[in-house]
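Taken together, the values in this text are just the output of simple stated rules run on the coordinates, not laboratory data. Please read all numbers here as calculations on a predicted model, not as lab measurements. Cβ placement follows ideal geometry from the backbone for every residue including glycine, while neighbour counts extend to all protein chains displayed.
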Ligand SMILES: C[S@@+](CC[C@H](N)C(=O)[O-])C[C@H]1O[C@@H](n2cnc3c(N)ncnc32)[C@H](O)[C@@H]1O
């Protein structure tokens, strides 16, 4: 940190003139020592009274401040109690939501670098319309909505949509809407056109990915896709004209698909599917072959 020193020399006479007790009061010193002593005593008395008043005022303000701090701590305890109760009644949750420095729902907060990657890749999504298939409990939706004009979340599990509606109310996210839909049956274009689709963690839960990818391409020119894929050395089979791997889904898991099986195309077949669905430009944003749930990729796909 820079230090400053000022060397300022004042003549002694000027110093005396400035520092004498009556300076600035309009009173001039008396030649009579008795009167002068009386005047000084009066000045001292006045100064003590003023400083006593100041002390009293400061201690009153201090007491008021302590009162406000106690009331705020009490309010926060109540808020925490009410929020815990509201989250518990709607649980069990998959996502952890941070409110006022505490995590509600699941114990770990749901963090994802995918949001930043999405907005960086498709700047038109900021201030635009976003479609989020597989919106789960709406944690990502409320984050997307902070930067978008509108977000539509489609989710197959009504209990998850109830939780999403609760988060929407809690955060006042008026520009988000949620709908219970089976993505394998829904025509996405029924919800209008979108500047971008934020499709995370859902394609690899579907039995028929081709129909769904074609439906996304028909509703928006831009797709951000985060999905798993099959390795070529796995036991592959063909579905919808694509080579891939069939996985059994657990319908009791709120994060799984709605069909009994899901189909994971290989990476090569996934890219072919994107091109065949009309996305002329496909870019790998993140390649995660050693992901702990299976090989995964983040892709940006755009239609001309
Ligand atoms: C693994 S979670 C991903 C949640 C979130 N998008 C994320 O990336 O964190 C998959 C979500 O997709 C939903 N889902 C799976 N298959 C679906 C289908 N056929 N129709 C609608 N939603 C489906 C699940 O209910 C679940 O909420």
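Computed over the chain, relative contact order equals 11 percent, with contacts defined as Cα pairs under 8 Å that lie 6+ residues apart.
Its Kirkwood hydrodynamic radius, worked out from the mean inverse distance over all distinct Cα pairs, puts the stretch 111-302 at 16.7 Å.
Just to confirm the number: angle between the C-alpha axis of helix 209-219 and the first principal axis of the chain, 0 to 90 degrees, nearest 10? On a 0 to 90 degree scale, this one is about 60.
How large is the helix-only mean residue ellipticity at 222 nm for the chain, computed as the sum of -39500 (n - 2.57) over DSSP H runs with n ≥ 4, divided by its residue count, in deg cm²/dmol to the nearest 500?
After summing the helix terms and dividing by residue count, I get -13000 deg cm²/dmol.
Between the C-alpha center of the stretch 166-210 and that of the stretch 95-144 there is a gap of 13 Å.
Using only Cα atoms, tell me the angle between helix 158-171 and the longest principal axis of the chain; keep it within 0 to 90° and round to the nearest 10. Roughly 20 degrees between the two axes. In terms of surrounding Cβ atoms within a 10 Å radius of their Cβ, 147, 49 rank from fewest to most as 49, 147.
Summary of packing: across the peptides 191-202, 266-277, the per-residue average of other C-beta atoms within 10 Å ranks them, highest first, as 191-202, 266-277. Mind checking the log10 I(q)/I(0) for the stretch 198-286 at q = 0.21 Å⁻¹? Debye, one equal scatterer per Cα, no solvent, two decimals. Normalising to I(0) and taking log10 leaves -1.05. Normalising the average separation of contacting C-alpha pairs (under 8 angstrom, six or more residues apart) by the number of residues puts the relative contact order of the stretch 217-304 at 36 percent. Just checking the listed ones, 172, 278, 128: in the Gaussian network model of the chain with Cα springs under 10 Å, the one fluctuating most is 172. Here the residues 130, 58, 97, ranked from fewest to most Cβ neighbours within 10 Å of their Cβ, fall in the order 58, 97, 130. For the chain, give the share of DSSP beta bridges that are antiparallel, in percent and rounded to the nearest 5; count only bridges with both residues there. Counting only bridges with both partners in the chain, antiparallel ones make up about 60 percent. How large is the Kirkwood hydrodynamic radius of the stretch 37-90, in angstrom, based on all distinct alpha carbon pairs? Kirkwood hydrodynamic radius for the stretch 37-90: 14.9 Å.
Cβ-to-Cβ counts within 10 Å put 55, 168, 146 in ascending order as 55, 146, 168, the fewest first.
Computed over the stretch 54-171, the P(r) curve from all C-alpha pair distances, binned at 5 Å from the origin, holds 2, 10, 16, 17, 14, 11, 8, 6, 5, 4, 3, 2, 1, 0 percent per bin.
Largest GNM mean-square fluctuation across 160, 84, 112, computed for the chain with C-alpha springs under 10 Å, falls on 112. Computed over the chain with a Gaussian network model linking Cα atoms closer than 10 Å, the most mobile of 113, 133, 254 is 113.
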